[in-house]
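Engineer: My structure is below; once you've seen it, I'll send some questions.
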Amino acid sequence: MKPVYILNDNIITSLGFTTAENASSLDSGIIGIRTINDQEFYPGQIQLSLVDTVQLDLKFSAVLKVYQKNIPADSFTRLEKLFILSIHDVIKDHIVIAKNARTLLVISTTKGNINLLENRFKAIFSHKRLYLWELGRIIRQFFGFVNTPVIISNACISGVVAVMTATRFLQSGAFDHAVVTGGDIASEFVISGFQSFQALSTKPCKPFDLNRTGLSLGEGCGTMLLSTISGTAEVSPVRIAGAATTNDANHISGPSRTGEELSHAIKTVMKQAMVEPGQISYISAHGTATSFNDEMESKAVELSGLAHVPLNSFKGYWGHTLGAAGLVESVAAVFSLRNNTLYRSAGFEIPGVSAPVNVITTNHPASLTSCIKTASGFGGCNAAIIYQKD
């Protein structure tokens, strides 16, 4: 099969609007999770990681001018702005790619424009903007993509599955390039849902730590430009060496208690990449900081023979970005790979899972050749993907 390379990427989170800005914040150990007291989100205080609204609007207005769009900026939703900004940053030097019939657009999200259910938006936006297909149409139309977007909404593995789906389309020869993007926003709907599980921490989350008390929600967007042609890469080539999903069918919201199913996905991608556990340099874990997720994931890592491999979760920096997480965290992991840098797992102090995992406690240089990114989600879904230097 054709190798698939990552040509360019972007992250938008509370820590910045580009991959470089986010990496700079990671270097400095900055945490983007803050105490928010906003009645439009929740009646009391809550920990959230939010993209700066003022900067979002300023940057979006500038992008409208680049594309000569005579459309009011406020006719786009917050999520649509995030997607458009992120995609623009990735393809601004490859704009012709969007209008190429050999280019695929893949979008991942869990809830899309779910905030439009709130009364404050009902009079502003049409009800059909709630539908994911309409979100896809708006993004496609803005950039002039030729092909109908593929939309992935598979709980919190959506971002990883989107990259996997795009990779398989490219390997089949159906397309030469793929723009893969994932985004979700903080909303009253999502916050109330996680509160109903009593899953939210009252402090910034602490993945894999003994004193973790739940997850922190965040919003963000991540985008990758994939291609079967490595020569157009702006940075050192990294390719997707394997990708797989499994389902443990344990519970509608609770993950497997054994980790066997996620381990099966991990072992599958290692087989696809033709690597042994000793050849994996780093694991970017899902690491939500909930008691069940971290416990399951630690068991899966041990079952896969990877307990010795340095591991972190980026959610301690910018929270759980839901359908964006797999992409946002993949971009951060690929940055680590390219720059031979391991970032500490923010919030981690004391091991708090039964299986031994090698959680990274300090930022430091390391010789890296390959990385596994894992993800898990409601409904028992699991995913793993391997990024490898060419």
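Engineer: Can you give me the ranges of the helices (runs of 4 or more DSSP H) entirely in the range 6-95 with at least 2 residues that are over 27 Å from R129 (Cβ atoms)? I'd like the intermediate steps shown before the answer.
Structural biologist: On the way: elements: 19-28, 53-66, 78-91.
By residue number, 19-28.
Engineer: Sticking with this one: Considering only the range 176-184, I want to know if a residue exists there that is out of contact with any Phe, Trp or Tyr (no Cβ under 7 Å at 6 or more places or on another chain) and surrounded by fewer than 24 Cβ atoms within 10 Å (Cβ to Cβ).
Structural biologist: Taking the range 176-184 first, the residues out of contact with any Phe, Trp or Tyr (no Cβ under 7 Å at 6 or more places or on another chain) are 176-177, 179-180, 182, 184.
Those still in the list that are surrounded by fewer than 24 Cβ atoms within 10 Å (Cβ to Cβ) too: 176-177.
Yes, some residue in the range 176-184 is out of contact with any Phe, Trp or Tyr (no Cβ under 7 Å at 6 or more places or on another chain) and surrounded by fewer than 24 Cβ atoms within 10 Å (Cβ to Cβ).
Engineer: Within the range 151-163, can you find the residues that are surrounded by 24 or more Cβ atoms within 10 Å (Cβ to Cβ) and either among the aliphatic types (A, V, I, L, M) or not in a helix (DSSP H, G or I) (or both)? Break it down into steps so the answer makes sense when it comes.
Structural biologist: In the first step, residues of the range 151-163 are kept if they are surrounded by 24 or more Cβ atoms within 10 Å (Cβ to Cβ); the result is 152, 156-163.
Across the range 151-163, the qualifying residues are I152, C156, I157, V160, V161, A162, V163.
Engineer: Out of G214, G222, G218, I need the residue that is at pLDDT 95 or above, closer than 28 Å to P351 by Cβ and buried (at least 24 other Cβ atoms within 10 Å of the Cβ). Which one? Let's see the steps before the verdict.
Structural biologist: Details: G214 fails: buried (at least 24 other Cβ atoms within 10 Å of the Cβ); G222 fails: closer than 28 Å to P351 by Cβ.
From the options G214, G222, G218, the qualifying one is G218.
Engineer: Let me ask another. For M1, work out the one condition from (1) assigned to a loop (DSSP other than H, G, I, E, B); (2) modelled with pLDDT of 95 or more; (3) among the aliphatic types (A, V, I, L, M) it doesn't fulfil.
Structural biologist: Result: M1 passes all but (2).
Engineer: In the set L26, L7, L15, L48, which member is surrounded by 20 or more Cβ atoms within 10 Å (Cβ to Cβ), closer than 17 Å to E188 by Cα and within 18 Å of the chain's Cα centre (by Cα)?
Structural biologist: Values: L26 fails: closer than 17 Å to E188 by Cα; L7 fails: closer than 17 Å to E188 by Cα; L15 fails: closer than 17 Å to E188 by Cα.
Sole residue among the options that is surrounded by 20 or more Cβ atoms within 10 Å (Cβ to Cβ), closer than 17 Å to E188 by Cα and within 18 Å of the chain's Cα centre (by Cα): L48.
Engineer: Select, from N113, N119, the only residue that is crowded, with 18+ Cβ neighbours inside 10 Å and over 20 Å from F169 (Cβ atoms). Walk me through how you get there before you give the answer.
Structural biologist: Numbers: N119 fails: crowded, with 18+ Cβ neighbours inside 10 Å.
Result: N113 is the single residue among N113, N119 that is crowded, with 18+ Cβ neighbours inside 10 Å and over 20 Å from F169 (Cβ atoms).
Engineer: Against the condition among the aliphatic types (A, V, I, L, M) and closer than 13 Å to L322 by Cα, how does A123 come out, does it pass? Show your work before the answer.
Structural biologist: Details: among the aliphatic types (A, V, I, L, M): yes; closer than 13 Å to L322 by Cα: no.
So A123 does not fit the description; no.
The values are calculated or read from the model by the stated rules, or taken from the named source; none is laboratory data. Because the structure is a prediction, the values reported are computed rather than measured. Heads up, the Cβs are rebuilt from the backbone with ideal geometry, glycines too, and the neighbour counts pull from every protein chain shown.
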